[in-house]
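Peer 1: Structure in structure tokens, see below.
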Amino acid sequence: MSYQSYADIIIDISHENLDKTYQYAIPKEYESSAIIGAPVVVPFGLGNRTINGYIVGLSNEPKIDIEKIKPITLVIEGAPVIESHLIYLAYWIKESFGGTMNDALKTVMPVKKAVKIKEQRRIVLIRPLEELKQIYEEQLKKNNVARVRILEALLKNGILDYDKTLKGLNISRPVIRWLLDNEIIQIDSKQLYRNPIEEQSVTHTKVTLNSEQKRIVEHIIRDYNEGKRYTYLIHGITGSGKTEVYMDIISEVIASGKQVIVLIPEIALTYQTVKRFYERFGERISILNSRMSDGERYDQSLRAKKGDIDIMIGPRSALFTPFKNLGLIIVDEEHEGSYKSEITPKYHAIEVAKKRAQLTDSFVILGSATPSLESYSRCISGEYKLYTITKRAKEANPPKVWIVDLREELKQKNRSIFSRKLKELIEEKLSNHEQIMLFINRRGYSGFVSCRSCGHVMRCSHCDISLTSHVNSKLLCHYCGYEERMPNTCPACGSKYIAAFGTGTQKVEEIVRREFPEARVLRMDTDTTKNKGGHQRILSAFAKHKADILVGTQMIVKGHDFPLVSLVGIIAADLSLYAGDFRASERTFQLLSQAAGRAGRDAIPGEVVIQTYHPEHYSIITAAEGNYEEFFGQEMLYRRLMQYPPAAHILLALVTSKEEEKVERAVTHVAEALKEYIITNKLSSQIIGPAPAGLAKAKDIYRRVIYIKDEDYDLLVGLKNYLEGYFNYSGQFVGCNLQFDFNPMSTY
Ligand code: ADP
Ligand code: ZN
Ligand code: ZN
């Protein structure tokens, strides 16, 4: 094998201006260790200070005057080396989502620094037992007590832990020396991996797939064996048996000698989920989660690299598991917002999964009960293959859903947060000793203003998005900056019951205790789950029927199975409907579908009460009916009309600064540069803003946003690159920062 002479190196400083590669010469001694992905130390700048970097390319061609090429100081050995396709993936992430190459490299690395691997030193007997007995007798006669102690231990057990033996039996080093010299023992060491999965009793359970499930497995495996690589979407309600389908497909892929990554949102990565995979695949699986230490994460990535495991289960970051021979990436609950990174680079895991699959001859399966509009529209356009599972795997009747019009309640002088229907059902279930979940929809809650009498919601006339109430009776649109005064009476019906909307979990808990004093109540929200294990503690108390009513936020609607729950009450379905965000209806549909899926999962038939001021809203009606296709059709009309994703793409540019003047000036310049670029290049991209972000000031940093819409994603990538260059190289924007987000998942 011939070695290359030059390496392209990316310098490890998070500074946009240094976001390029530099060529260095590879000294002879590092010829073999200088591989793509290896971390290096190099001299940098005029003063030749040493600095860390990564090799991202190798060649024999000098790019500049040979005289000027400096040699690499050191190739760090034993450090995490990034697979070359992951380096390429990092480059692609940087290009497609913004940020620096360094940001992107950090994203694809399991941990920044190699963490010392724990080792166990062992004393291993290398003589037959008969001989050992003889030696033992001799030493006993000579009364060498220390030698006798360790020989005795070796007679009982041929392998001893080095540290424990020396300490526990009070053995000195000369004794060990004597054992080694007489070739009685050897000392070896074994790498100890921190295995995150607790040992579990293995009961290889495998259900027999029903015909719907079987068809999916057969089709996908046939494609796979024929070398066809598609992206699939499995659309099936919770409990329809998607996980069983995944597991059968995984079996086949592993049998062909490849490895599998399974992405699951962290919140759904519960003991039960891991246990099911463990029961099927045993020690060949591993998990990643955010509570693990760097050491644990590093160990798991090494195990993957060495081929000790076949399946990695985890949230977004598990996507970068350095498997050598990846075959399949599964993204379960693919609609989840947590698949989008909230830090730069703001990549979407599905897009990156597809890219990694393409680079490694793998394929991708997405699964959801409520697919994202993006994914479902790609099925319709033929980009993905769609499979639908129509029924629950275990026979269970769908719940009975009641939609309650809260405007009617007010008319009937019921000012309580509980409608008459919900109250009546709570009392009924309590007297039957069944359980109840009360769900407070707080997602994306940002103080929209509505009329309790007619349900009218104050909206921006330019964006069709609800306005948000601010101090000084101001109403503001967070997309375009439009502003108006808070009205005293409802512009639609003239009633005085117009106000910012919202109820907290704590308040609901109080009211529940007051109205149902005999009920035992648990509350689950960010407050009560702050402590480690808080989550699990509340859920298991509820599962053991230590409470009758569980009050909580969206946390309680995620994938937990409580057989005794026969009623789910959704206190205010509208909160997520007017979150000041174009995905509001989609989120509402997802949340209501999930919440409804919690009721009546076993023998007891379930009921669901959805309380709303907008009983006619399509996201509420379709969720109640469990009619995804209808919801999709309605919502796409709106997205097309407004040119929101997936009908078009949105690029968000966020400008921040500690000084308000600077941020104002910078965002104005950026907007002007943008307009000029669009005119010169005859583009039809639409600019919205600049405007103060929804979070206009956070931690003393001012935030301004510009939204750019276009149907062509690549064109927006071009715009991003242009703005990045303009912002970083013009030197005018010192003290300001510019970030990008493609098709944002939330408001800024
Ligand atoms: P999903 O992933 O779609 O929520 P699961 O795969 O978790 O659905 O299935 C729900 C429940 O039904 C699980 O307890 C699972 O073991 C069971 N199940 C799935 N498929 C079958 C089947 N074909 N026969 C019997 N039970 C099944
Ligand atoms: Zn009104
Ligand atoms: Zn607006």
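The values are calculated or read from the model by the stated rules, or taken from the named source; none is laboratory data. From a predicted model like this one, the values you see are computed outputs, not experimental measurements. Cβ coordinates were reconstructed from backbone atoms using ideal geometry, including for glycine residues, and neighbour counts include every protein chain displayed. Side chains included, ligands, DNA and RNA excluded: accessible areas come from the protein's heavy atoms. Shrake-Rupley method; radii C 1.70, N 1.55, O 1.52, S 1.80 Å.
Peer 1: Report the semi-axes of the equivalent ellipsoid for the range 335-464 in whole Å, largest first, where each axis is √(5λ) for an eigenvalue λ of the Cα gyration tensor. Walk me through the intermediate numbers first.
Peer 2: Details: eigenvalues 309, 120, 43 Å².
Largest first, the range 335-464 gives 39, 24, 15 Å.
Peer 1: Sticking with this structure for a sec: Quick check on the range 119-191: take the gyration tensor over C-alpha atoms, sort the square-rooted eigenvalues as a ≥ b ≥ c, and tell me if it's rounded (a/c under 1.5), prolate or oblate. Walk me through the intermediate numbers first.
Peer 2: On the way: a/c = 1.87, a/b = 1.41, b/c = 1.32.
Here the range 119-191 falls in the prolate category.
Peer 1: Using modelled amide H (1.01 Å from N, peptide plane; none on Pro or chain starts), what sits under 5 Å from the amide H of N325, excluding residues fewer than 5 places away?
Peer 2: Q259
Peer 1: In addition: Sorted from largest down, give the three principal axis spans of the alpha carbons of the range 579-714, whole angstrom values.
Peer 2: Largest first, the range 579-714 extends 62, 38, 26 Å along its Cα principal axes.
Peer 1: Expressed in nm to one decimal, what extension gain is obtained for the pair E374 and D561 from 0.36 nm per residue of sequence separation less their Cα-Cα distance? Don't skip to the answer; put the middle values down first.
Peer 2: Details: separation 187, 0.36 × 187 = 67.32 nm, distance 2.86 nm.
My answer for the length gained is 64.5 nm.
Peer 1: Right, here's the next one. HN-Hα J couplings of the range 723-736 from phi, Karplus 6.51/-1.76/1.60, θ = phi - 60°, integer Hz, Gly and Pro as x?
Peer 2: Result, ordered by residue: 5, 4, x, 4, 6, 7, 9, 7, x, 8, 10, 4, x, 10 Hz.
Peer 1: With only alpha-carbon atoms counted, please give the Rg and Dmax of the range 448-501, in Å.
Peer 2: Over the range 448-501's Cα set, Rg and Dmax evaluate to 10.3, 29 Å.
Peer 1: Under 1.5 on a/c is rounded, so check that first for the range 211-389, then, if it is not, pick prolate when a/b is larger than b/c and oblate when it is not; a ≥ b ≥ c are the square roots of the alpha carbon gyration tensor eigenvalues.
Peer 2: The shape class here is rounded.
Peer 1: Efficiency by 1/(1 + (r/R0)^6): what FRET value for R514 and L641, r their Cβ-Cβ distance, R0 = 41 Å, to the nearest 0.05? Show your work: numbers first, answer last.
Peer 2: On the way: r = 45 Å, r/R0 = 1.10.
The formula returns an efficiency of 0.35 here.
Peer 1: Rounded to a whole number, what % of the accessible area of the chain do carbon and sulfur atoms account for, probe 1.4 Å? Don't skip to the answer; put the middle values down first.
Peer 2: Numbers: 16920 of 34120 Å².
Whole-percent figure for carbon plus sulfur exposure: 50.
Peer 1: If you don't mind, there's one more thing I want to ask. Size of the dipole of the chain about the Cα centre, Lys and Arg at +1 and Asp and Glu at -1 on the beta carbon, nothing else charged, in debye to 20? Can you show the working numbers first?
Peer 2: On the way: 100 positive and 92 negative charges, 354 e Å.
I would put it at about 1700 debye.
Peer 1: Continuing with the same structure: Relative to the longest principal Cα axis of the chain, at what angle does helix 660-680 sit, 0 to 90 degrees, rounded to 10?
Peer 2: The two axes meet at around 80 degrees.
Peer 1: State the Kirkwood hydrodynamic radius of the range 459-593 in Å, one decimal place, computed from all pairs of distinct Cα atoms. Spell out each step's value before the answer.
Peer 2: Working: mean 1/r = 0.0570 Å⁻¹.
Mean inverse Cα-Cα distance, inverted, gives 17.6 Å.
Peer 1: For the chain, what is the percent of antiparallel DSSP beta bridges, rounded to the nearest 5?
Peer 2: In the chain, DSSP labels about 55 percent of beta bridges as antiparallel.
Peer 1: By how many degrees, 0 to 90 and rounded to 10, does the Cα axis of helix 349-360 deviate from the longest principal axis of the chain?
Peer 2: Value to nearest ten degrees: 40.
Peer 1: Compute and list, largest first, the equivalent-ellipsoid semi-axes of the chain from the alpha carbon gyration tensor, each √(5λ) rounded to a whole angstrom. Please list the in-between numbers first.
Peer 2: Working: eigenvalues 520, 301, 121 Å².
Those come to 51, 39, 25 Å.
Peer 1: Please compare each pair in K214/K305; K20/K106; K423/K507; K20/K709; K340/K507; K391/K429 to a cut-off of 22 Å on the Cα-Cα distance and tell me which ones are over it.
Peer 2: Working: K214/K305 32 Å; K20/K106 15 Å; K423/K507 17 Å; K20/K709 29 Å; K340/K507 32 Å; K391/K429 27 Å.
Violating the 22 Å Cα-Cα cut-off are K214/K305; K20/K709; K340/K507; K391/K429.
Peer 1: Please turn the phi angles of the range 65-74 into ³J(HN,Hα) values with the Karplus equation 6.51 cos²θ - 1.76 cosθ + 1.60 (θ = phi - 60°), one per residue in order, whole Hz, x for glycine and proline.
Peer 2: The phi angles translate into 3, 3, 4, 8, 7, 8, x, 5, 6, 7 Hz.
Peer 1: Among P517, C454, A393, whose Cα lies farthest out toward the positive end of the dipole of the chain, if unit charges sit on the beta carbon of Lys, Arg (+1) and Asp, Glu (-1)?
Peer 2: Sorting the options by dipole projection puts first P517.
Peer 1: Taking Cα atoms, how many degrees apart are the long axis of helix 242-255 and the longest axis of the chain, rounded to 10 and kept between 0 and 90?
Peer 2: 30
Peer 1: Please work out the ratio of the alpha-carbon Rg of the range 649-742 to 2.2 N^0.38 Å and round it to two decimals.
Peer 2: Here the Cα radius of gyration is 1.02 times the empirical estimate.
Peer 1: Using a basic spin-label model with each label point 7 Å from the Cα along Cα→Cβ, how many nm lie between T388 and S461?
Peer 2: 4.1
Peer 1: Right, here's the next one. Which number do you get for Rg(Cα) / (2.2 N^0.38 Å) in the range 6-108? Spell out each step's value before the answer.
Peer 2: Numbers: Rg = 13.0 Å, N = 103, 2.2 N^0.38 = 12.8 Å.
Scaled against compact globular proteins, the figure is 1.02.
Peer 1: May I pose another question? Based solely on C-alpha atoms, express the radius of gyration and the Dmax of the range 636-702 in angstrom.
Peer 2: When restricted to the Cα atoms of the range 636-702, Rg and Dmax are 14.5, 41 Å.
Peer 1: Something else now. Rank these by accessible area, largest first, 1.4 Å probe: K206, K530.
Peer 2: Greatest to least solvent exposure: K530, K206.
Peer 1: Modelling each spin label as a point 7 Å along the Cα-to-Cβ direction, I'd like the K20/L683 distance in nm, to one decimal.
Peer 2: Output for this residue pair reads 2.3 nm.
Peer 1: Give the accessible surface of the chain per residue, rounded to a whole number of Å², with probe radius 1.4 Å and ligands, DNA and RNA excluded. All intermediate terms of the calculation are to be shown ahead of the outcome.
Peer 2: Working: 34120 Å² over 748 residues.
Heavy-atom accessible area per residue stands at 46 Å².
Peer 1: Between the alpha-carbon centers of the range 266-329 and the range 125-196, tell me the distance in whole angstrom.
Peer 2: 37
Peer 1: How charged is the neighbourhood of Q213? Take every other residue with its Cβ under 10 Å from the Cβ of Q213, and add Lys/Arg as +1 and Asp/Glu as -1. Don't jump to the answer; show the numbers that get you there.
Peer 2: Values: positive: K214, R215, K242; negative: E212, E218, E244, D248.
Local charge sum for Q213: -1.
Peer 1: Mind checking which lysines have their Cα closer than 17 Å to the Cα of K141? Skip sequence neighbours fewer than 8 apart in that chain.
Peer 2: Within the straight-line cut-off, K141 pairs with K133.
Peer 1: Could you give me the ³J(HN,Hα) list for the range 704-714, computed from phi with Karplus coefficients 6.51, -1.76, 1.60 and θ = phi - 60°, whole Hz, x at Gly and Pro?
Peer 2: Result, rounded to whole Hz: 10, 10, 10, 10, 10, 10, 7, 6, 9, 4, 4.
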